[in-house]
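Note sheet for the following structure.
Nothing in this text is a laboratory measurement; each read-out follows from the coordinates by a stated rule. Please read these numbers as outputs of a predicted model, since none were measured by experiment. Ideal geometry is used to build each Cβ from the backbone, glycine not excepted, and the neighbour counts take in all protein chains shown.
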Amino acid sequence: MEASMYDFLTGPMLWLSLGIFLIGMLVRFVLYFRGLSWQLDRVAYKAYPLQGLKGAVNSIVKWLIPFGTYGWRKQPFMTVIFFGFHIGAVLVPLFLLAHNLVLKETIGFLLITLNPLLADVLTWAVVVSAVFLALRRIALPEVRILTTWYDYIILLLAVAPFITGLVARYELGSYTFWLTVHILCGEALLIAAPFTKLSHIVLFFASRAQLGMDYGIKRGGMKGKGMAW
Amino acid sequence: MNPNNKIAGAILSDAALSLFHKKQRETSKFKEGCSMPEGKFCNKKPVETEEELKALLGDTGGKQYYEEMKSLDIDHELLWKTIQNTLKSRMKTWLEICAHCGMCADSCFLYLINDQDPRQVPAYKIQSTLGELVKRKGKVDNEFMHMVMETAWAKCTCCNRCGMYCPHGIDMGIMFGYVRGLCYQQGFVPWEMKIGAGMHRVYRAQMDVTDEDFVETFEWMVEEYEEDYPGLEVPVDKEGADILYTVNAREVKHYPEDLAEAAILFHLAGENWTVPTSGWEQTSLAMFAGDWAACKMQVEHVYAAMERLKPKRMVGTECGHAHRATVVEGPYWAGRSSGKPPVESIHYVEWLAEALREGKLKIDPTKRLKKPVTLQDSCNYVRNNGLKDITREIMSYIVEPGYFMEMSPNREHNYCCGGGGGFNGIGLFRPQRNKALITKRDQLLHSGAELVISPCHNCWDAIRDLEEEYKIGIKWSFLKPLVISMVEIPEHLKPKE
Amino acid sequence: MFKKILFATSATEACDHAARVAFNMAQSYDAKICIFHVLGVPTRGFSQVVLDVKTKEEVVVDDEYIAWVEEEIKVHYSKQLETTRNFEIKVAIGLPHREILRAARELGPDLIVMGGSTGDDEDSVYKKSLVGSTLQRVAKVAPCPLLVVNRPAASFWGGMSNVIFGTDFSKASDAAFRFALQLVKTLACELHIFHALDIGSMHLGRIMTQDEIESNIRESLRRIRGRYIPEMKDVPEYDFEVWEGIPYVEIVKYAREKHADLIIMAHHTQKASREDTRLGSNIEQVIVRAGCPVISINR
């Protein structure tokens, strides 16, 4: 690969895709909250900000903990592959040494980095979990009936950077080729995120916050211990 | 009603829009000779007069009504316009962000009881109805709307349990409440629901019980029990009382003893209470029917009583959806941005727990329940208003320690009784409802209880029907008669012999 | 004395004895008789479907069905109705005791006539969640005297010569006494006042000595003399006795001995007992066993 391709992909293209990602996600997040309507939703958001906040935080935090809610406990296998996928999917892109080196070149500093062994384990977990997530869609009737080609594409889009990342990391085949593909996959993911279901990266928090506010303000939060998620 | 509230205006104007479109249709029909008239009973117009109500009731079982529904038109323009005006960020995101993960499946008792039929997965149910309505921009046909009606009223009781098990927090019960509103607007609503909504429009009560009937019956009941409880009375329209008591119209018609029992308990607790001559009905079948305009009228009627009589608090009867309609959701229908009714309003169990806690009512420990007892958690005020611990506090007073058996699951994770959301009353969907009762039946059997305490009219009815259908030998009761059987009568209130 | 009679019936053979008396009385007193029948119990939340009490099937109640049931009632009592001048047939849905009381409140009768308990069979449409029989619950709070005719032997309201008034010296008994007084004066017959001294060990926790019993009997006789006799000036023939034993047994025996045509008693204003529904109060036992009609009064 020519140096200019690599420079392009880790230079302007990276800025562009990150820019689209960050601004796009911010826009979606803000628009979500601006589009809430106390009367149509039937939740007095503004009238009880403290209870709303408490409810929102409770609603989000409990679901971020593996087996932290009745929902997670009811589906142990799903919980394992879900967190197997998401923990790595969040931590590795952010804290991988290789990424942070690029970051240092681009903006001048790096974040904390993962132990390389840990990074490997997490990434493998992402890929294996993704396989099981796909299998789950095929095998379970209650998931099959909901699943469309779009779901598979999103999964592929999400896991492609990790697969290609591993291929590059283990230097299988042509390193430069797979590195390029890996970067392209990553940037495709970033660009697609605000416009697809990948927007759940922020909308998960938004939606959970809303339901948390609902339960915190209207549906019992002011009457005692709050919802036991 | 704040005229500047655009959103409320959008909702309210549905009625106006509907009328406008109807006139438009009629005019164009006249011009073009269009041949799809609305039915005599089944149409987009709500039932608003006593004559219409009686006529609709006369169509036994809704025979002609459902026949007419087969050729009912959809007003596509109105439908889409309504969706655009009322389906905003929250619901739009819910529909879009669903990860199709299927985790909601085994949270839904209807999915579980129907042999885990994938078509009963909550996400599937809502995506195939509301999801489709949005995707097709309201361009749907009669057959589709029939399917939506069946899904919204026979495959969902709006118990809100699925929302608790979805990682994104997508509440499909709320969405089905919304869908019912769309169906009602288009006239695709079960016969009994249309009647129920009509009842509220005509009588401001769920049955044809007038204000006179209410006061008369209450006074009659008090007379019957006067000898056992000297000084028992029912103050009517008293201003500035501590408690304003509202009821379920079914008590007036079918279980008037409940009114007497309420009076007796207030009397024994020494409460300064009253009932309103007007605005005494706390329930809202209109909510089950999706008739938002009638919901608004109904709760405003009760709020007017609150504003007229200025009590310190309003206490409702033992009913789940009444509390949800009037206290939890009602303020929003009435445009109250505080989300609260004009006066602090509590459920009967909250009052009862307080009375027991503060010693206003004292239980004779020798008369406590000494048989295995369990407790039904009514969706509308346990899951959806946080009263899970209040009801258990009451149990601690009235059940001998060691005899209270929890159901499993319980509290906010408990299952719907099987008859919620109007399911109990819809003839067309009776088989589905009877199947749904199996969930609660099995819970009762596993709990080992002989008696289930069910402080909710709907749950009480569902359990009664459950026993009728499956004969498991369970006994069921409201709280009032149980408490009366074990309460100590203060000296000064005992009858003189 | 009786201008309006409310006859609550299941329109089956079980109530035929009561029917005989009710129609008999309507004729004798030229009273209006309202034949009241509860046809079923609503079985759904708030809909029109009802479990028919006879067929045990679900029916949808509409005007047609009501008219049909009314017709059935008319046919069942066709013979009696031939000679009845003033009658109406009223049909209702709901729990029997509640609807009977509701009808009584609306009609304001001078007397309610009912058959004895039909007893709950296994598949009765009335759910067992409610305590107490219809009879118990109506008798407890009926706004007027309640005449119960349980056995065929009891179904004769003809020439009245002997009326028994059973008392336990309660306020309700005083009301019953006033009614009894009015009745015997109107019918010009003998009044026999009776009090049963309850020696059942459950009441005292021990067995009374004979001296105690006899002293109690004397005391009760004194009470009767003091409480009721002063009012009996216009009554030509009367007597009174006190026997010891199990109250309902003694009353039935006394009634048998006196060839009673009617027993008048107070209904005890106790709450419908949850546990001993089967036992019932004294008056229920008397109703079930007496060879003549029994009138229950509570106020």
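What the table shows:
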read-out: Convex hull volume per residue in cubic angstrom - Cα atoms of the stretch A:108-229; value: 202
read-out: Relative exposure of B:Thr151, A:Thr113, judged by other C-beta atoms within 10 Å (fewest first); value: A:Thr113, B:Thr151
read-out: Among the listed pairs C:Lys3/C:Lys140; B:Lys371/B:Lys435; B:Lys496/C:Lys4; A:Lys218/B:Lys360, those beyond 26 Å (Cα-Cα); value: B:Lys371/B:Lys435; B:Lys496/C:Lys4; A:Lys218/B:Lys360
read-out: Rg to Rh quotient for the stretch B:74-189, alpha carbon positions, Kirkwood Rh; value: 0.95
read-out: Under the Karplus curve 6.51 cos²θ - 1.76 cosθ + 1.60, θ = phi - 60°, whole-Hz ³J(HN,Hα) for the stretch B:136-146, x wherever Gly or Pro sits; value: 8, 6, x, 8, 10, 10, 4, 4, 4, 5, 4
read-out: Peptide A:128-137, shielding by other chains (average Cβ, 10 Å cutoff); value: 1
read-out: Ranked B:His446, B:His457, criterion: other C-beta atoms within 10 Å, fewest first; value: B:His446, B:His457
read-out: Under Karplus coefficients 6.51, -1.76 and 1.60, residue-wise ³J(HN,Hα) of the stretch C:214-225 in Hz, glycine/proline x; value: 5, 5, 5, 4, 4, 4, 5, 4, 4, 5, 4, 4
read-out: Selection of trypsin sites (Lys or Arg not before Pro), the stretch B:366-454, meeting DSSP coil and at most 12 other Cβ within 10 Å; value: B:Lys370
read-out: Under-5 Å amide H pairs with B:Lys475, H placed in peptide plane, nonlocal only; value: B:Leu451, B:Val452
read-out: Sum of side-chain charges, C:Val21 neighbourhood, beta-carbon under 12 Å (Lys, Arg +1; Asp, Glu -1); value: 0
read-out: Inter-chain Cβ neighbour average for residues B:82-95, partner chain, 10 Å; value: 4
read-out: Solution diffusion estimate, µm²/s, Stokes-Einstein, the protein assembly as shown, Kirkwood Rh from C-alpha pairs, 10 °C, viscosity 1.306 mPa s; value: 49
read-out: Taking the C-alpha atoms of chain B, convex hull volume expressed per residue in Å³; value: 148
read-out: Shielding by partners - mean other protein chain Cβ count within 10 Å, residues of B:183-194; value: 1
read-out: Principal semi-axes in Å for the stretch B:200-346 [√(5λ), Cα gyration tensor, largest first]; value: 25, 17, 12
read-out: Loop-located trypsin sites (Lys or Arg not before Pro) in the stretch C:80-113, at most 11 other Cβ atoms within 10 Å (DSSP); value: C:Arg85
read-out: Ordering of B:353-365, B:315-327 by packing [mean C-beta count within 10 Å, highest first]; value: B:315-327, B:353-365
read-out: Residue-averaged [θ]222 nm for chain B, counting only DSSP H segments that reach four residues, each worth -39500 (n - 2.57); value: -14500 deg cm²/dmol
read-out: Among A:Leu97, A:Leu140, A:Leu118, residue whose mean-square fluctuation peaks in a GNM of chain A (springs only between Cα atoms under 10 Å); value: A:Leu140
read-out: Estimated vicinal HN-Hα couplings, Hz - the stretch C:243-250 in sequence order (Karplus 6.51, -1.76, 1.60; Gly, Pro = x); value: 10, 9, x, 7, x, 5, 5, 5
read-out: Overall dimensions of the stretch A:3-222 as given by Cα atoms, namely Rg and Dmax in Å; value: 19.6, 61
read-out: Footprinting exposure proxy for A:Phe77, A:Phe95, A:Phe8 (fewest neighbouring C-beta atoms within 10 Å first); value: A:Phe77, A:Phe8, A:Phe95
